[in-house]
1. Can you pull a Stokes-Einstein diffusion coefficient for the chain at 20 °C (1.002 mPa s), Rh from Kirkwood over Cα pairs, as a whole number of µm²/s?
2. What accessible surface, in Å², does a 1.4 Å probe find on residue 133, ignoring ligands, DNA and RNA and rounding to the nearest 10?
3. Roughly how many percent of the accessible protein surface of the chain is carbon and sulfur, given a 1.4 Å probe and a whole-percent answer?
4. Say we join alpha carbon atoms closer than 10 Å with springs in a Gaussian network model of the chain; which of 122, 306, 32 then has the biggest fluctuation?
5. Amide H neighbours of residue 244 under 5 Å, at least 5 residues apart or on other chains, H built in the peptide plane: list them.
6. Of 357, 206, 343, which is farthest along the charge dipole of the chain in the positive direction, counting Lys and Arg as +1 and Asp and Glu as -1 at C-beta?
7. What number, rounded to the nearest 500 deg cm²/dmol, is the helix-based mean residue ellipticity at 222 nm of the chain, given -39500 (n - 2.57) per DSSP H run of at least four residues and division by all its residues?
8. Heavy atoms only, 1.4 Å probe, whole protein assembly: order 222, 126, 259, 159 by accessible area, highest first.
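The values are calculated or read from the model by the stated rules, or taken from the named source; none is laboratory data. Note that the coordinates shown come from a computational prediction; the quantities given were computed from them, not determined experimentally. Reconstructed Cβ throughout: ideal geometry from the backbone, glycine too, with neighbour counts over all protein chains shown. The area values use the complete protein model at the heavy-atom level, side chains included, leaving out ligands, DNA and RNA. Shrake-Rupley method; radii C 1.70, N 1.55, O 1.52, S 1.80 Å.
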Amino acid sequence: MTNLDGVFRREWGPAVAALARWSGDLSVAEDAVQEACAEALRSWPRDGAPDNPGGWLLTVARNRALDRLRRESVRPGKELAAVLDDIRARTEQRDPQPVHDDELRMMFTCAHPALDRQSQLALTLRLVSGLTVAEIARALLQSDAAVGQRITRAKNKVRHANIPLRVPPAELLPERTPHVLGCIYSVFTEGYWSTAGPSAIRDELCDEGVRLAGELCTLMPREPEAHALAALVLLHDSRRVTRVDDDGRLVPLEEQDRRRWDRGRISRGLDRLRQAEGSTGPYLPQAVIAALHATAPTWEQTDWAAICAAYDRLLQITDSPVVRANRALAIGFRDGPDAGLGALDTVAHDPRLARSSLVATVRADLLRRARRPDEALTWYREALKSNGSEPGRDFLRRRIAECGG
């Protein structure tokens, strides 16, 4: 039987984006696709999955949207006909805009300046990528309730302010590009470092992040930050198959079989990195870090000095507590665990990391490497309390056992 969750994850974004373009209404599109998924859960186990699941979901969702429009029409004659004529006109009209991918089109649409940046990101991750409210909350380091309210307010603002569901003119695309870059990276990140659930990696989100990054480079070939992002996701993704063993357990970078890394993706990533020359945004230094890992012959030959320099450059661009915590770990590899612990102390109490297990995990790892197993044990147990991924929890339990717990 088809993995229904995987199918829904893969087809959600394309279906919502296509239906939103077709209907002109975000809520209608989301609700209709949700109803189509519910219908699939009822009928596919009984009748078998269709040969084209995405096409099936889109057809059913379009029918549900039409049913809703009929129900909401005040007078089923003239008003409904006008609505349907308007939909047909939008569907049949040749789109003069340069964005030909429905999901990219939706991302640029959600980047409307009337919405604040956090709302733009939350709305896009929900509508385009199909992430749950809980997953978005973890990505944004916010509570589920706050994110749910933010998404609802954003959709209401789009509706009540009559924000058009279309791509802005070509000359306005660059001002919305940072938002689109952030959304694509969030999609890939949730796939590559899944924050919850039974799997450490969600392949459909990794694939989608790589695809969208490539589409953006095609759309904006002279945008260096788009190439920097594409380099970053390709270089990370080159290691995907070695991040878990045959039993689905996480394998740390230093223990991965580098012979199995995807050399084709590494080569394409390095090519994108060269095209990113002149980038001033946050993705270039991250791509440099990924490239240094991808090209190091062994773990012991990793150039930690260059990695720390890239982290320093990244901190000049974005003062992120996540970056500071990861930089502390890199300093620990360059200068020794005690130096890393000292660097970690500068960010350990940042309230933005209150919902994350990152600080506890980094501290535990540095303490273990410093041969202080009793202290490491305490922090591994602390990290276990707030790690929502079952493979991540399993990895922490293995470390706890190594430390005598």
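1. On the way: Rh = 22.9 Å.
Approximately 94 µm²/s, per Stokes-Einstein.
2. Surface open to solvent at residue 133 totals about 50 Å².
3. Numbers: 9500 of 19220 Å².
It is 49 percent, rounded to a whole number.
4. Of 122, 306, 32, the Gaussian network model singles out 306 as fluctuating most.
5. For residue 244, whose amide H was placed from the backbone, the distant partners under 5 Å are 251.
6. Farthest towards the positive pole: 357.
7. Values: 19 runs with 275 residues, N = 405.
Dividing the helical sum by the residues of the chain leaves -22000 deg cm²/dmol.
8. Numbers: 222 225, 126 40, 259 205, 159 95 Å².
Ranked list, largest accessible area first: 222, 259, 159, 126.
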